[in-house]
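The structure appears below as structure tokens.
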Amino acid sequence: MKRWTISIIFIVLLNTAIFAQPADSEIASITNHNDWGWTSIVQTNGIITLATVPDIGARIMQYDLDDFQFLYVNPGEIGKTYTPARGGFHGYGGYVVWPGPQNSRWGWPPPPVLDYGAYKSEIVQNSADSTSVSVTSEIEQWQAPGLRFERRMTVYKGTSRVRVDQFMINEASEAQSWSIWDVTQTIAKSPRDDYWVYFPINPNSEHGEDGVYFRDNANSSAWQGEVAPGIYGVVFRPEGKKLFADPHKGWIGYVDQGESKAYIKTFKIFEGETYPGDKGGGRVQVYLGTSNYEVEVASPIADLAPSGGRYSFRQDWYATTMNGPILDVNAAGAIEKRLYQDDQTQNIAGTFGVFFLGTAKLVVKDASGAVLTEGTVHDITPLEKLEINESIELPAEMASIEIVVYDYTGKEIGAIESATPDQLSSVEAKISTLPEKTTLLQNYPNPFNSGTKIYYILSEKQYIELAIYNLNGQRVKTLVHQVQPAGFYTVPFDGSNLSSGIYLCHMQTEGTNMTHRLLLIK
């Protein structure tokens with residue numbers, strides 16, 4: 001009996017060490033939260049804090065990961081409320097929802113009842129596992145007559161995830177068409193390279209190869225372009241300019257590089273639907289304010305039947321610890337550095353931001369999905385990066401290797417990333433694991449038939465000249481000839497008008513001279 005009792009205690013302690021118990025989810029109405037002067041509905045779970053203020057348009061004014069602040073709060077508006085009036089606008093900051101499209105429908109300022117009018121609020125779920133608050137507006141009278149908004153925010157135990165369900169209701173006697181357009185004002189303390197926004201580049205974008213459209217001219221150092229394969233980057237510059245994009249994957253992320261904190265929204269993409277925004281394609285939008293970013297997400301324009309027609313649009317918000325570029329996102333986490341195999345140690349490595357308190361491990365599978373071998377179990381939390389660098393057996397029958405996430409109960413959430421043997425040594429994987437120095441990478445594909453891409457990284461702002469030469473030393477094409485900020489770069493090269501053969505790609509900066517061979521085969 002005594003030995004049996006000791007065994008039980010050992011198992012319990014072991015299980016607790018692997019799956020640490022998080023704090024319960026809590027929700028409360030708090031007067032003068034954060035000394036703002038407003039009554040706020042505050043949701044916490046020991047990882048994040050979310051605060052909604054019903055009296056000012058039910059704006060979400062706080063979404064903090066631990067004690068790291070994300071949302072911009074205008075100090076000049078703290079504690080103030082206003083009676084909605086035609087033509088009014090009050091820049092509180094935080095998170096707000098407007099109807100879209102704007103320019104052709106309501107211009108400026110935004111609909112006052114929906115923007116800063118008092119909302120009704122109700123705590124609709126309050127348990128240790130999750131909490132929810134529902135907010136409802138009055139009916140807009142002026143800019144979007146007959147429109148009412150509802151929203152529900154749900155916070156879960158053991159994760160930084162917040163589910164945000166948006167609803168718009170047409171209370172008018174005639175049908176209307178609107179989009180749900182959210183605006184999140186994020187902190188940007190100064191025009192430096194600490195604050196970035198990332199989103200996927202649509203390879204079939206209606207805006208061309210860059211995948212973006214600029215409302216104001218594109219002459220800005222903020223628009224960094226393709227900072228990693230298939231990823232667009234924007235660095236903060238307080239210029240009052242804006243871009244629109246139509247990513248094919250539903251996520252956009254903001255990164256405070258100085259604090260290594262990322263805040264990410266995910267949402268469904270509706271291909272073939274009409275989105276608001278200049279020239280269409282405004283699924284995501286980035287605006288450079290004087291003291292903040294605006295990271296914006298829109299639903300498709302929906303038809304609302306008269307007298308109660310409803311439309312809903314769901315997002316999931318996540319906060320985590322990582323740096324950019326953000327290479328991809330799913331419900332388990334986000335990729336900072338892709339899984340790759342180190343050429344020297346043969347270890348499998350990668351860096352990720354996770355959304356759950358729990359564990360993660362490498363899992364090797366065959367073509368049928370059967371598990372061949374597993375790696376070390378890592379404790380994970382959104383408050384720390386997940387950095388993998390371990391030796392693991394890769395059997396000959398291996399078809400894929402995954403980094404799989406489990407929550408604090410042991411439930412499998414999914415794989416942050418899955419890589420094939422070829423992908424472990426691909427150009428894309430090596431780009432995401434480059435050392436912090438100016439480097440010219442091998443083009444991909446190589447050999448190539450007509451077109452290829454040149455990849456390079458600049459460790460600091462500097463002059464660069466990138467050019468293609470033939471073997472006789474004659475310059476065939478100049479690709480880059482300018483000063484560029486630090487970052488990852490991708491430059492397409494079209495060799496369709498050249499003969500088959502070997503060409504040289506040469507990069508020269510203030511301290512670097514590098515050359516790679518390109519093989520053109522027709």
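Which one is surrounded by the fewest Cβ atoms within 10 Å (Cβ to Cβ), of the residues in the stretch 130-153 that are closer than 15 Å to Gly117 by Cβ and hydroxyl-bearing (Ser, Thr, Tyr)?
Thr136
Evaluate the following for Ile326: is it out of contact with any Leu (no Cβ under 6 Å at 6 or more places or on another chain) and under 30 Å from Leu458 (Cα atoms)?
When the stated conditions are applied, Ile326 passes them.
Exactly one of these conditions fails for Arg338: (1) within 27 Å of Tyr156 (Cβ to Cβ); (2) in a strand (DSSP E or B). Give me its number.
Exception for Arg338: condition (1).
Restricting attention to the stretch 33-58, which residues are in contact with a helix residue (DSSP H, G or I) (Cβ under 8 Å, 6 or more places away or on another chain) and in contact (Cβ under 8 Å) with a residue 24 or more places away in the chain?
Selection gives Trp38, Ile41, Ile56, Gly57.
Answer yes or no as to whether Phe244 is more than 20 Å from Asp194 (Cα to Cα), of a type in the set (Phe, Trp, Tyr) and either crowded, with 20+ Cβ neighbours inside 10 Å or assigned by TED's automatic domain parsing to the domain that holds Tyr444 (or both).
In short, yes.
Given the condition at pLDDT 95 or above, in contact with a strand residue (DSSP E or B) (Cβ under 9 Å, 6 or more places away or on another chain) and of a type in the set (S, T, N, Q), answer yes or no: does some residue in the stretch 82-96 qualify?
No, the stretch 82-96 contains no residue that is at pLDDT 95 or above, in contact with a strand residue (DSSP E or B) (Cβ under 9 Å, 6 or more places away or on another chain) and of a type in the set (S, T, N, Q).
In the stretch 217-238, how many are of a type in the set (D, E, K, R) and in contact with an Asp or Glu (Cβ under 8 Å, 6 or more places away or on another chain)?
1
Looking at (1) more than 25 Å from Gly46 (Cβ to Cβ); (2) assigned to a strand (DSSP E or B); (3) in contact with a Leu (Cβ under 8 Å, 6 or more places away or on another chain), which one does Thr376 not meet, given that it meets all the others?
Exception for Thr376: condition (2).
Going through the stretch 497-522 one residue at a time, which ones are closer than 30 Å to Pro485 by Cα and exposed (fewer than 11 other Cβ atoms within 10 Å of the Cβ)?
Glu510, Gly511, Asn513
Anything in the stretch 256-311 that is at positive phi and in contact with a His (Cβ under 8 Å, 6 or more places away or on another chain)? List them, or say none.
The answer is Lys279, Gly281.
Residues that are among the polar types (S, T, N, Q) and under 24 Å from Leu65 (Cβ atoms): does the stretch 294-314 have at least one?
no
Results for (1) touching a strand residue (DSSP E or B) at 6+ places or on another chain (Cβ under 7 Å); (2) part of a loop (DSSP other than H, G, I, E, B); (3) assigned by TED's automatic domain parsing to the domain that holds Ser220; (4) more than 20 Å from Leu339 (Cβ to Cβ), shown as yes or no for each residue.
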{"site": "Ile392", "(1), (2), (3), (4)": "yes, yes, no, no"}
{"site": "Ala396", "(1), (2), (3), (4)": "no, yes, no, no"}
{"site": "Asn446", "(1), (2), (3), (4)": "yes, yes, no, yes"}
{"site": "Glu460", "(1), (2), (3), (4)": "no, yes, no, yes"}
{"site": "Tyr463", "(1), (2), (3), (4)": "yes, no, no, yes"}
{"site": "Leu466", "(1), (2), (3), (4)": "yes, no, no, yes"}
{"site": "Asn472", "(1), (2), (3), (4)": "no, yes, no, yes"}
{"site": "His481", "(1), (2), (3), (4)": "yes, no, no, yes"}
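Of these, Gly146, Gly79, Gly117, which one is assigned by TED's automatic domain parsing to the domain that holds Gly258 and either within 29 Å of the chain's Cα centre (by Cα) or farther than 21 Å from Trp178 by Cα (or both)?
Selected residue: Gly79, the only one of Gly146, Gly79, Gly117 that is assigned by TED's automatic domain parsing to the domain that holds Gly258 and either within 29 Å of the chain's Cα centre (by Cα) or farther than 21 Å from Trp178 by Cα (or both).
For the stretch 458-467, state whether one or more residues are surrounded by fewer than 15 Cβ atoms within 10 Å (Cβ to Cβ), touching a residue at least 24 places away in the same chain (Cβ under 8 Å), at positive phi and not aliphatic (A, V, I, L, M).
no
With the condition kept exactly as written, say whether any residue in the stretch 107-116 is more than 29 Å from Ala188 (Cβ to Cβ) and surrounded by fewer than 17 Cβ atoms within 10 Å (Cβ to Cβ).
No: zero hits.
Taking the stretch 132-174 on its own, how many of its residues are of a type outside the set (Ser, Thr, Tyr) and either outside any strand (DSSP E or B) or touching an Asp or Glu at 6+ places or on another chain (Cβ under 6 Å) (or both)?
Within the stretch 132-174, residues that are of a type outside the set (Ser, Thr, Tyr) and either outside any strand (DSSP E or B) or touching an Asp or Glu at 6+ places or on another chain (Cβ under 6 Å) (or both) number 20.
Among all residue pairs at least 6 apart or on different chains, which show Cβ distances below 6 Å where the first residue, located in the stretch 106-121, is touching a residue at least 60 places away in the same chain (Cβ under 8 Å) and within 13 Å of Val135 (Cα to Cα) and the second is aliphatic (A, V, I, L, M) and surrounded by fewer than 23 Cβ atoms within 10 Å (Cβ to Cβ)?
Here the result reads Tyr119/Val135; Ser121/Val135, each pair linking the stretch 106-121 to a residue that is aliphatic (A, V, I, L, M) and surrounded by fewer than 23 Cβ atoms within 10 Å (Cβ to Cβ).
The values are calculated or read from the model by the stated rules, or taken from the named source; none is laboratory data. Not measured: the values here are computed from a predicted model. Virtual Cβ from ideal backbone geometry, glycine too; neighbours counted across all protein chains shown.
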